[in-house]
1. Could you check segment 75-106 and list, in sequence order, the residues that are part of a helix (DSSP H, G or I) and crowded, with 23+ Cβ neighbours inside 10 Å?
2. Only one of 61, 66 is outside any helix (DSSP H, G or I) and under 18 Å from the mean Cα position of the chain (by Cα); which?
3. Select from segment 117-149 the residues that are in a loop (DSSP other than H, G, I, E, B) and at pLDDT 95 or above and write down the one among them that is surrounded by the most Cβ atoms within 10 Å (Cβ to Cβ).
4. Applying the selection to segment 293-341, what residues are loosely packed, with under 15 Cβ neighbours inside 10 Å, β-branched (Val, Ile, Thr) and more than 27 Å from residue 265 (Cα to Cα)?
5. Is it the case that segment 250-266 has a residue that's aromatic (Phe, Trp, Tyr) and within 19 Å of residue 101 (Cα to Cα)?
6. Give the residue that is nearest to residue 200 (Cα to Cα), with candidates limited to residues of segment 91-119 that are touching a Ser or Thr at 6+ places or on another chain (Cβ under 7 Å) and hydroxyl-bearing (Ser, Thr, Tyr).
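The values are calculated or read from the model by the stated rules, or taken from the named source; none is laboratory data. A quick note: this is a predicted structure, and the numbers were derived from the prediction, not measured. Heads up, the Cβs are rebuilt from the backbone with ideal geometry, glycines too, and the neighbour counts pull from every protein chain shown.
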Amino acid sequence: MDDKNNLNSALSEKAGISAPEIISATVVQNIQKFRKVQPSATSLVKGILSGNISDLSRAITLVESTNPEHLAKANEVINACLFHANKSVRIGITGVPGVGKSTFIESFGSHLTSLGKKVAVLAVDPSSTISHGSILGDKTRMEELVKDPNAYIRPSASGDTLGGVARKTRETITLCEACGFDTIIIETVGVGQSETAVHSMVDFFLLLKIAGAGDELQGIKRGIMEMADAIVINKADGDNIRKAKLAKTEFNRALHLFPAKKSGWTATTATCSSVTGDGIPEVWETISKFLQLTNDNNYFNNKRVEQNEYWLLETINERLKLNFYNNIEIQALLESTKKAVQKDKISPFAAAQILLEKYFK
């Protein structure tokens, strides 16, 4: 085919337009140089205490890092912020995928900021077990709340943490509180494996449900229902209002089957619509009543003390695991041990014992 026919073909390519040379090489170098400069722990703390969101984000990134070199610096930042923390309400929100957690949080968070609250949303996204990547799309789903000057959204990958709670969420709460956020919302992945972790770092635990999906029967099961301080049936709008009210009645009956909580609080049920906003103010009213009760009977402070003890032990377990896998001698021995296990030359339990004895020598 000749050149003329090539130009008339639907498969022919048109000459592209080259990008204009509007980017200064000097500017690029300056940006790259700036990114390489790592602020000191003192600088980060000063920025966090003054409400600087950029410094808060950089500190959280430092805390989430698995690089052993960042550990000392991260601990310095956290310890300096501890005195300025513990002045917020921590709310955990969980529910199965598709229940509308992100939409609910956007509507609920916007209501709180309208009341003058400063809201930090710590959203945990599931990590792929294959690529180990995470979409981290919560800022996209909460497009209105992310533009609110009194709100801060920080998505984090769940990694290999059971139950979908990011490994460093507990420390991130401290940093957000020091930065002046008085309401911390933690959104779990909602995979149903273990909500115990998020329950052990919040003051109020909210379980989102939907009607008409067989979820009522699942809700009657123990476990997560016992941990919930309130059950809210979301998406109660349009043709779904009647189903939502029926689901509320069923959950309310189920709650009476459980023993009384140590807090003295009786779990409640409610319906809401994250789209229309119906029922959203009532959710905050419920949380406010819970806080009033638990502050009066001192359960609030006692629970915070118990949580600190729990996370002490959890951190020890985490550090031991991290140090074990970062040990040079273990890394050298691990691969050969894996191959021996794969070829059935040694049992997994005996192999693990050998590696642990080597580590603790």
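1. Within segment 75-106, 77, 101, 104, 105, 106 meet the criteria.
2. The unique qualifying residue is 66.
3. Applying the filter and picking the extreme gives 118.
4. Within segment 293-341, 315, 316, 328 meet the criteria.
5. The answer is yes, given that some residue of segment 250-266 is aromatic (Phe, Trp, Tyr) and within 19 Å of residue 101 (Cα to Cα).
6. Within segment 91-119, the match that is nearest to residue 200 (Cα to Cα) is 94.
Residue by residue, here is whether (1) polar (S, T, N, Q); (2) in contact with a Cys (Cβ under 7 Å, 6 or more places away or on another chain); (3) not assigned by TED's automatic domain parsing to the domain that holds residue 204 holds:
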site: 272; (1), (2), (3): no, no, no
site: 276; (1), (2), (3): yes, no, no
site: 282; (1), (2), (3): no, no, no
site: 287; (1), (2), (3): no, no, no
site: 303; (1), (2), (3): no, no, yes
site: 318; (1), (2), (3): no, no, yes
site: 328; (1), (2), (3): no, no, yes
site: 331; (1), (2), (3): yes, no, yes
site: 338; (1), (2), (3): no, no, yes
